[in-house]
Amino acid sequence: MAPKKLRRARLSQELCERLSRYQITTCQDFLCLSLLDLMKVTGQSYRNVQKLLCKVSLACAPKMQTAYEMKVRRAVNPSSAFLSTSLHGLDKVLHGGVPCGSLTEITSPPGCGKTQFCIMMSVLATLPVSMGGLDGAVIYIDTESAFSAERLVEIAGNRFPAYFDSDEKLFSMTRSIYLYRELTCGSVLKRIKSLEEEIISKKVKLIIIDSVASVVRKEFDTKLQGNLTERSNFLARGASLLKYLAEEFSIPVILTNQITTWLSNGLAIQADLVSPADDLCLSEGASGGGKRESGSVTAALGNTWSHSVNTRLILQYHDLPTRQILVAKSPVAPFSAFFYTVEKSGFVLQDGKDQTNLTWEGTNPALQNIKPATLHLEGKLSSELTLISEREKKPRAPAIRSFSGGNSLGCFLSDHWDLPARAGQK
Amino acid sequence: MQRDVGSLPLAPALRARLVAAGFQTAQELLDTGPCGLSKEIGISKEEALEALQVVRQECHSDATQTAGAPGTSRKCTALELLEQEQAQGFIITFCSALDNILGGGVQLTKITEICGEPGVGKTQLCMQLAVDVQIPECFGGLAGEAVFIDTEGSFMVDRVVDVATACVQHCQLIAEAHQEEDHLKALETFSLESILSHIYYFRCRDYIELLAQVYLLPDFLSEHSKVRLVVIDGIAFPFRHDFEDLSLRTRLLNGLAQQLIIIANDHKAAVVLTNQMTTRIGQSQSTLVPALGESWGHAATVRLIFHWDNNQRLATLYKSPSQKESTIPYHITPHGFRDVQPPAVTQNPEGTELNPRKRPRREEEK
């Protein structure tokens with residue numbers, strides 16, 4: 001969205017010409033000047049400058065709507081407010097499903113099911129409204145080349161066998177999923193910028209980017225000085241573009257993220273499995289209490305990115321094959337956890353073991369500890385990071401480990417969650 | 001009338017000409033008249049007339065200020081201020097511990113800043129306040145309206161519906177317990193639809209829209225004179241990227257802060273801003289500090305920092321002119337922002353929200 005030119009703000013022609021002599025051509029330049037500067041530049045009196053400011057502001061300011069109007073709009077078209085995930089417990093807690101008009105992030109260790117979730121959501125978005133879908137096309141930006149069309153067809157056929165009863169229906173579903181393979185940050189950004197027109201022409205109802213973290217971490221090594229700011233800029237610009245698209249067209253946007261490791265006493269170390277580049281995730285109360293370095297695994301891309309996404313779902317391992325999906329950050333849902341398995345038809349919630357949060361506690365979604373698979377990590381990591389996998393496998397002693405005062409919830413959280421489940425399971 | 005010509009708010013070029021022509025005081029200008037002025041300076045008669053009108057207006061407002069007219073006067077004694085402050089209301093947050101440490105609630109005519117990590121509850125508190133400011137006066141509220149400026153897109157109408165419904169139910173409970181006339185009458189107008197219709201929502205996508213909206217706010221507030229709360233959810237988000245020129249950012253933020261202070265004072269509204277946390281990299285460790293830099297810390301009068309301690313959310317009053325620094329726990333429930341309930345008690349959370357030690361001028365009792 002290029003800044004608006006002053007001509008379109010209904011300023012008089014001669015004023016615009018005069019201002020352009022001072023290199024002020026857009027509303028942005030105009031509004032960034034102080035009143036005295038404006039008086040000098042326009043040659044007008046104080047009151048006139050104030051009136052001009054109001055005029056230019058009117059051209060730039062957003063429209064007002066009352067919350068009631070927003071509610072009415074939602075009520076008129078209830079299905080347009082959420083995309084149901086077809087996981088009943090999750091939908092209930094999220095007040096309908098993945099919200100339209102905001103960014104939803106899925107984070108998990110490798111192999112937990114992010115891409116599966118994305119593929120499942122793609123199928124759901126193409127379903128007609130009567131079945132809980134959005135009856136539209138899907139734009140799938142794949143940076144890891146992990147998308148499998150066969151899996152897509154398998155999920156569709158097994159999850160909705162009644163609907164996809166003919167090959168024709170399956171093919172028309174696959175025809176409405178547009179896949180883009182982008183391998184660099186620059187190309188991802190360019191693709192996002194070009195999406196506006198595509199959304200209109202193809203009637204897109206869902207945007208998926210799988211995954212943001214992989215391109216960013218490949219390209220920006222945060223150990224180098226300038227890279228951190230460049231990376232934050234890229235992430236912030238991407239986030240605001242996507243938010244604009246999500247809100248303008250009222251569609252959901254799903255992004256996937258990876259994990260990183262941080263040590264409670266200091267900066268993050270290079271510990272993730274995917275790339276040597278790493279990020280800074282901090283513990284906020286790193287007091288002197290826990291001198292022993294212990295690590296835990298959290299969502300990657302840092303604190304600012306956690307602010308940018310509106311909803312954060314975390315997938316983590318539990319007892320294989322059961323895994324857990326946590327609602328870590330959501331404006332409408334409390335912190336909750338559900339167990340699921342990945343089957344032929346995609347995700348299946350374990351109904352009996354639903355764990356909705358009863359005491360409205362929660363944890364910091366930026367530092368939420370994520371359980372990686374115990375078996376996966378052992379062979380691959382060296383040095384003290386095997387401590388993590390070791391810890392996961394140990395019986396659940398309460399956390400008398402000397403974690404520092406910050407959010408090293410680690411086992412404490414998993415204790416809290418698993419206790420009732422354990423009682424039922426065993 | 002002895003005002004120096006150089007200090008008048010005229011166009012700079014015109015001012016320079018007047019000074020060069022030898023005019024020194026505003027009275028001289030007024031005595032000369034438009035025709036004389038146009039001949040001496042070499043401007044058209046219309047321009048001269050315009051300039052004189054500006055001068056006359058300036059002198060008139062100067063005169064009323066020095067005469068001490070109560071409406072426009074900006075000076076008063078501390079006693080008057082005390083009376084004003086005591087009569088003024090607070091916006092309660094439904095979390096009595098938080099209201100306590102704030103001295104009764106979010107104060108009007110002050111800027112309150114809420115900093116916190118992602119997901120800790122800043123937007124939730126903003127939505128709660130946008131509903132609470134509308135509570136009718138007989139229940140202890142301000143019966144005001146709210147302006148919600150959203151830069152991050154986390155405003156979800158469904159959540160506001162939940163919070164508002166809980167608030168209406170709470171007031172209904174009070175009305176049933178007391179059975180007073182005005183309570184019941186107030187309840188007729190205090191419904192979900194009316195609450196939602198009085199939250200004015202603006203979605204600003206970048207800092208230009210935010211600046212433009214804040215420039216237009218005074219006019220908007222003059223039209224909607226019942227607005228008592230302005231929330232800017234996410235003042236950090238538009239300023240945290242794409243700004244190579246940090247001095248421009250500081251200047252814009254300072255300008256914003258000044259305008260918000262003026263708005264808060266002139267319209268007797270509370271301004272609530274939410275800020276993000278950023279990581280400051282120190283020698284051996286890194287800490288989380290509020291974003292937007294050190295100088296922004298001066299903008300807000302009251303600063304609250306929300307953070308986590310294991311599973312518990314805590315709010316710390318970090319900066320306040322009248323209350324001391326303290327930390328309290330709070331919960332976010334499906335009904336909104338609430339106190340921490342003692343674990344053994346299974347009572348309805350709405351039963352114990354209001355602080356029994358509230359000031360006696362509130363009419364509701366608990």
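Out of A:K190, A:K218, one residue alone is surrounded by fewer than 20 Cβ atoms within 10 Å (Cβ to Cβ) and without any contact (Cβ under 8 Å) to a residue 40 or more places away in the chain. It is A:K190. Answer yes or no as to whether B:F243 is in contact with a helix residue (DSSP H, G or I) (Cβ under 8 Å, 6 or more places away or on another chain) and surrounded by fewer than 17 Cβ atoms within 10 Å (Cβ to Cβ). Yes, satisfied.
In the condition set (1) modelled with pLDDT of 65 or more; (2) touching a His at 6+ places or on another chain (Cβ under 7 Å), A:I314 is compliant with all but (2). Scoring B:G119 on the criteria (1) under 21 Å from B:V271 (Cα atoms); (2) of a type outside the set (F, W, Y); (3) surrounded by 24 or more Cβ atoms within 10 Å (Cβ to Cβ) leaves a single failure, condition (1).
Residues in the stretch B:106-136 that are of a type outside the set (V, I, T), in contact (Cβ under 8 Å) with a residue 24 or more places away in the chain and part of a loop (DSSP other than H, G, I, E, B): B:L108, B:K110, B:E117, B:P118, B:G121, B:Q134, B:P136. Selection of first residues in the stretch A:118-142 that are free of Cβ contacts under 8 Å to residues at least 24 places away in the same chain and of second residues that are surrounded by fewer than 23 Cβ atoms within 10 Å (Cβ to Cβ) and among the acidic types (D, E), restricted to Cβ pairs under 8 Å at least 6 apart or on distinct chains, gives the following pairs, ordered by first then second residue: A:P128/A:D135. Of the residues B:R251, B:R280, the single one that is within 10 Å of chain A (Cβ to nearest Cβ), of a type outside the set (F, W, Y) and in a helix (DSSP H, G or I) is B:R251.
Can you tell me how many residues in the stretch B:188-210 are among the aromatic types (F, W, Y) and more than 7 Å from every other protein chain (Cβ to nearest Cβ)?
Within the stretch B:188-210, residues that are among the aromatic types (F, W, Y) and more than 7 Å from every other protein chain (Cβ to nearest Cβ) number 2.
Residue count for the stretch A:321-351 satisfying the condition of being out of contact with any Lys or Arg (no Cβ under 6 Å at 6 or more places or on another chain), within 14 Å of chain B (Cβ to nearest Cβ) and not in a strand (DSSP E or B): 4.
Among the residues of the stretch B:165-178, is any more than 14 Å from chain A (Cβ to nearest Cβ) and among the hydroxyl-bearing types (S, T, Y)? No; the residues of the stretch B:165-178 include none that is more than 14 Å from chain A (Cβ to nearest Cβ) and among the hydroxyl-bearing types (S, T, Y). Considering each residue of the stretch B:286-300 in turn, none proves to be closer than 22 Å to B:T327 by Cα, within 11 Å of another protein chain (Cβ to nearest Cβ), β-branched (V, I, T) and in contact with a Pro (Cβ under 9 Å, 6 or more places away or on another chain). In the set A:L206, A:L195, only one residue is modelled with pLDDT of 85 or more and in contact with a Pro (Cβ under 7 Å, 6 or more places away or on another chain); that residue is A:L206.
If you go through the stretch B:221-235 and keep only what is at negative phi and either facing chain A (nearest Cβ under 8 Å) or touching a Ser or Thr at 6+ places or on another chain (Cβ under 6 Å) (or both), you end up with just B:D233. Take the conditions (1) under 16 Å from A:L58 (Cβ atoms); (2) within 8 Å of another protein chain (Cβ to nearest Cβ); (3) part of a loop (DSSP other than H, G, I, E, B); A:L11 misses just one of them, which is (2).
A:A146 meets each of the listed conditions (1) closer than 21 Å to A:S330 by Cα; (2) surrounded by fewer than 22 Cβ atoms within 10 Å (Cβ to Cβ); (3) in contact with a helix residue (DSSP H, G or I) (Cβ under 6 Å, 6 or more places away or on another chain) apart from (1). Each residue in the stretch A:157-175 was checked for being free of Cβ contacts under 8 Å to residues at least 24 places away in the same chain and not in a loop (DSSP other than H, G, I, E, B), and 8 of them qualify.
A:Q28 meets each of the listed conditions (1) modelled with pLDDT of 85 or more; (2) facing chain B (nearest Cβ under 8 Å) apart from (1). Here the stretch A:37-67 is the region considered, the condition is being crowded, with 20+ Cβ neighbours inside 10 Å and in contact with a strand residue (DSSP E or B) (Cβ under 8 Å, 6 or more places away or on another chain), and the residue that is farthest from B:L211 (Cα to Cα) is A:A67. Scanning the stretch A:26-52 for residues that are more than 17 Å from B:L248 (Cβ to Cβ) and not in a helix (DSSP H, G or I) turns up A:G43, A:Q44, A:S45. Among the residues of the stretch A:57-71, those identified as more than 7 Å from chain B (Cβ to nearest Cβ) and either at pLDDT 85 or above or not in a helix (DSSP H, G or I) (or both) are A:K63, A:E69.
The values are calculated or read from the model by the stated rules, or taken from the named source; none is laboratory data. Since the model is a prediction, treat every value here as computed from it, not as a measurement. All Cβ positions, even for glycine, are placed from backbone atoms using ideal geometry, and neighbour counts span all protein chains on display.
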